[in-house]
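Just below is one structure, and these are the notes that go with it.
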Amino acid sequence: MTKLLYMDDSYLKEFEANVIEVSDKGVVLDQTAFYPEGGGLPSDTGYLIVNNERLRVVHVRKEGGKVYHVLESGAEKLRVGMKVKGIIDWERRYRIMRLHTAAHILSALFYSEVGAKITGNAIRENRAHIDFSLERTDRELFQRMVDKANQLIQEGRRVKIYYMEREKVLQIPGMIKLAGRLPPNIPILRIVEIEGIDTQPDGGPHVADIKEIGKIEILKIENKGRGRRRLHYKVVP
């Protein structure tokens, strides 16, 4: 099992770990701050440092309890038991964190205002999109929700991380905002709470205060079929 350091500290940029497996799938460490691809988020990238040599991490994925770090080259230089230092591509990660927390604010506003749930989402390095369960493309609605989100961001709210029993989560109205999807079938769930705005189970990295997001800007609004309207956005600066 790999200990997931990012779950409790989204701002951890460097860490030390021991190699516990090396295979064609990648390098497995006993603990990691690299976020593996999932939940609509891309994986982190960065470096593993061993014997003063920097090995580029180009992709990270999770299978079962193991997190595989895929290297651009040099995996043959690693052996089980070696100690390595991990370094996250911080500027890239931080942009993704800002986009991710913005997605939570938008999902909360659309849910509370018009009852729309998320039917799909994807966050990339510099932009993101969210699909909402809406029957028509109401551009005025989208702009109003983004304007309201930006007002909240300007005011600032803390983002808190804690854990809750899965059964309790399922009993709280409005906690699940993903259409047709329940949280993982594990007994304890990680909860992300934006004070006074949103609370939902989530496993990804977030900013500590929504002021860090900056400003949300609409890039495009698309009709993706019946009951599915897509908002493309970015955050600036």
Subject >> Options Leu106, Leu134, Leu141: the member that is of a type in the set (A, V, I, L, M), in contact (Cβ under 8 Å) with a residue 24 or more places away in the chain and assigned to a loop (DSSP other than H, G, I, E, B) >> reply: Leu134
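Looking at region 183-199, which of the residues that are in contact (Cβ under 8 Å) with a residue 24 or more places away in the chain and not in a strand (DSSP E or B) is surrounded by the most Cβ atoms within 10 Å (Cβ to Cβ)?
First, the residues of region 183-199 that are in contact (Cβ under 8 Å) with a residue 24 or more places away in the chain: 188-199.
Applying the additional criterion that residues be not in a strand (DSSP E or B) yields 195-197.
On the way: Glu195: 13, Gly196: 11, Ile197: 17.
Only one residue tops the list, namely Ile197.
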**OP:** Filter region 219-237 for residues that are touching a His at 6+ places or on another chain (Cβ under 9 Å) and within 14 Å of Thr137 (Cα to Cα) and give the result.
**Re:** Lys220, Ile221, Glu222, Arg230, Leu231, His232
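What residue, of Arg98, Arg93, is in contact with a helix residue (DSSP H, G or I) (Cβ under 6 Å, 6 or more places away or on another chain) and surrounded by 18 or more Cβ atoms within 10 Å (Cβ to Cβ)? It would help to see each step written out before you state the result.
On the way: Arg93 fails: in contact with a helix residue (DSSP H, G or I) (Cβ under 6 Å, 6 or more places away or on another chain).
Testing whether each residue is in contact with a helix residue (DSSP H, G or I) (Cβ under 6 Å, 6 or more places away or on another chain) and surrounded by 18 or more Cβ atoms within 10 Å (Cβ to Cβ) leaves just Arg98.
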Original post:
Which of the residues that make up region 214-237 are of a type outside the set (Val, Ile, Thr), under 19 Å from Glu91 (Cα atoms) and touching a strand residue (DSSP E or B) at 6+ places or on another chain (Cβ under 6 Å)?
Top reply: Gly214, Lys215, Tyr233, Lys234
**OP:** Could you look through region 151-164, keep only residues that are crowded, with 18+ Cβ neighbours inside 10 Å and either assigned by TED's automatic domain parsing to the domain that holds Gly39 or assigned to a helix (DSSP H, G or I) (or both), and pick out the one that is nearest to the chain's Cα centre (by Cα)?
**Re:** Ile153
Original post:
Scanning for something out of contact with any Asp or Glu (no Cβ under 8 Å at 6 or more places or on another chain) and in a strand (DSSP E or B), does region 165-182 turn up at least one residue?
Top reply: yes
**OP:** Report the residue count in region 14-46 for those that are in contact (Cβ under 8 Å) with a residue 24 or more places away in the chain, under 23 Å from Arg127 (Cβ atoms) and not in a strand (DSSP E or B).
**Re:** 9
Original post:
Just checking, how many residues over region 200-228 are over 16 Å from Ile123 (Cα atoms) and surrounded by 16 or more Cβ atoms within 10 Å (Cβ to Cβ)?
Top reply: 6
Original post:
Among (1) out of contact with any helix residue (DSSP H, G or I) (no Cβ under 9 Å at 6 or more places or on another chain); (2) closer than 30 Å to Ala17 by Cα; (3) at pLDDT below 95, where does Arg136 come up short?
Top reply: (2)
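The values are calculated or read from the model by the stated rules, or taken from the named source; none is laboratory data. The shown structure was predicted, so the numbers you read here are calculated from the model rather than taken from an experiment. Methodologically, a virtual Cβ is constructed for each residue, glycine included, from the backbone with ideal geometry; neighbour enumeration extends over all protein chains shown.
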